[in-house]
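Structure first, then comments.
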């Protein structure tokens, strides 16, 4: 990849990181319902919402780790290479997902 393409990927990563951080902050700021005032069904619904929110938070953290890894690889000059075979990754694949670390041939089935 040339420097222009790498910069485009960097901007995409930074924008995605900013969006995820905003979502993370918003999820922390949500007001938890008063459990004592909820009836039984409402408590079950509330628990399901909280579980879903927890899973969303875990997914955001994993995605943020992948983004930070891609940005780190850019700084080290290692961005765009397969971790397994060290071949150059397909540019269109990197534009779709700049966090990928393996080429099509080395992705585990």
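The values are calculated or read from the model by the stated rules, or taken from the named source; none is laboratory data. Only a predicted model underlies this, so the values are computations on that prediction, with no experimental measurement involved. In this analysis, Cβ positions are derived from the backbone assuming ideal geometry, glycine residues included, and neighbour counts consider all displayed protein chains.
Listed values, structure above:
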quantity: Verdict on residue 63 being within 24 Å of residue 83 (Cα to Cα), under 17 Å from the mean Cα position of the chain (by Cα) and either modelled with pLDDT of 90 or more or surrounded by 14 or more Cβ atoms within 10 Å (Cβ to Cβ) (or both); calculated: yes
quantity: Candidate set from region 90-106 (those that are within 16 Å of residue 4 (Cα to Cα) and assigned to a loop (DSSP other than H, G, I, E, B)); member that is farthest from the chain's Cα centre (by Cα); calculated: 90
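The rows are residues; the columns are (1) modelled with pLDDT under 95; (2) in a helix (DSSP H, G or I); (3) surrounded by fewer than 16 Cβ atoms within 10 Å (Cβ to Cβ); (4) touching a strand residue (DSSP E or B) at 6+ places or on another chain (Cβ under 9 Å).
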site	(1), (2), (3), (4)
9	no, yes, no, no
17	no, yes, no, no
22	yes, yes, yes, no
28	yes, yes, yes, no
46	yes, yes, yes, no
55	yes, yes, yes, no
74	no, yes, no, no
108	yes, no, yes, no
